[in-house]
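These notes are about the structure you will find just below.
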Amino acid sequence: MKNYTLLICLLINCASLFSQQDSLSFPGNWAGEWTGDLVISTSAGEVQRLPMILRILPQEEDRYSFTIVYGEDTPENTRPYFLETIDAEKGHYVTDEENSILLDDYLINGKLYSRFEVMGNLLLSTLEEQEGQLIYEIISGPLAPVRTTGDTILEGEEIPPVNSYQVKVQQRAVLVRKGKE
């Protein structure tokens with residue numbers, strides 16, 4: 001158990017050093033309108049494809065609009081969120097859905113992560129710039145574990161319980177900044 005604790009602490013400390021460098025130009029360096037196709041897939045393959053727009057625009061210091069449009073650019077397809085800085089040095093941000101829901105985001109090595117549970121589903125949302133494109137991805141599946149392993153003593157070492165979770169749906173979009181297609 002001691003080895004696992006030491007490794008986790010070491011990883012957390014290293015990650016915080018890298019995230020400080022990433023946060024210096026974020027989110028300003030991602031500002032603009034980004035477009036592409038959102039592809040929704042399961043283990044059976046692609047189940048849906050629709051246009052997606054992501055608008056990241058400065059509003060005031062430490063606050064950006066973070067508007068997502070799924071499908072046709074109409075009010076009913078628009079999700080008007082805001083991205084706010086909590087602690088840029090620690091890579092901590094929050095997505096404000098303006099409806100009492102706040103999702104904490106963490107910038108690590110140039111990639112924005114948000115992990116949350118809603119209605120019995122565990123989601124991991126990521127956004128990352130790669131070669132001038134934004135890669136948007138949400139992975140989701142049931143919160144109930146598929147299995148729990150470990151939770152034993154093996155050769156005198158206490159093995160912690162480990163839960164595994166099903167990945168059921170992937171939503172992924174490769175977005176290009178408007179005007180740079």
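Between beta-carbons, use under 12 Å as the cut-off and find the net charge around F82, counting Lys and Arg +1, Asp and Glu -1. Summing Lys/Arg as +1 and Asp/Glu as -1 gives -4.
Multiplying the residue separation of S43 and L143 by 0.36 nm and subtracting their alpha-carbon distance yields 34.2 nm. Mean residue ellipticity at 222 nm, helices only, the chain: -4000 deg cm²/dmol; runs of at least 4 DSSP H residues each add -39,500 (n - 2.57), and the sum is divided by the number of residues.
Can you tell me the 0 to 90 degree angle between the C-alpha axis of helix 2-22 and the longest principal axis of the chain, rounded to 10? Tilt relative to the chain: about 20 degrees. 3J(HN,Hα) along segment 78-87: 9, 10, x, 9, 10, 10, 10, 7, 9, 8 Hz, from the Karplus curve 6.51 cos²θ - 1.76 cosθ + 1.60 with θ = phi - 60°, whole Hz, x for Gly and Pro. Sorted from greatest to least, the principal axis extents spanned by the alpha carbons of segment 24-112 come out as 41, 30, 26 Å. Near the amide H of E129, within less than 5 Å, lie the amide hydrogens of I135, all on another chain or at least 5 residues away, with H placed in the peptide plane. Put simply, the amide H of L122, placed in the peptide plane, has neighbours under 5 Å in G141, L143, leaving out anything fewer than 5 places away on its chain. Taking one equal scatterer on every alpha-carbon of the chain, how large is log10 of I(q)/I(0) by Debye at q = 0.08, 0.14, 0.15 1/Å? Ignoring solvent entirely, the Cα scatterers give -0.32, -0.90, -1.00. Taking a Cβ cut-off of under 10 Å around I135, the surrounding Lys, Arg, Asp and Glu residues balance to a net charge of -2, with basic ones at +1 and acidic ones at -1. Net charge of the neighbourhood of Q166, taken over other residues with C-beta under 15 Å away and scored Lys/Arg +1, Asp/Glu -1, is +1.
A cut-off of 5 Å between modelled amide H atoms, ignoring neighbours fewer than 5 places along the same chain, links Q166 with V146. Couplings for segment 30-40, taken from phi via the Karplus curve 6.51 cos²θ - 1.76 cosθ + 1.60 with θ = phi - 60°, read 9, 4, x, 10, 10, 10, x, 10, 8, 10, 9 Hz in order; Gly and Pro are left as x.
Within segment 97-177, the GluC sites (Glu not before Pro) that combine a DSSP coil assignment with at most 16 other C-beta atoms in a 10 angstrom radius are E97, E98, E131, E155.
Between R172 and I153, the modelled labels are 4.5 nm apart [label points 7 Å from Cα along Cα→Cβ].
Expressed as a fraction of 2.2 N^0.38 Å, the value expected for a compact globular protein of N residues, the C-alpha radius of gyration of segment 135-177 is 1.85.
Laboratory data are not the source of any read-out in this text; all were calculated from the coordinates shown. Predicted model, so just to flag it, every value in this text is computed and none were measured. Neighbour counts run over all protein chains shown; Cβ positions are idealised from the backbone, glycine included.
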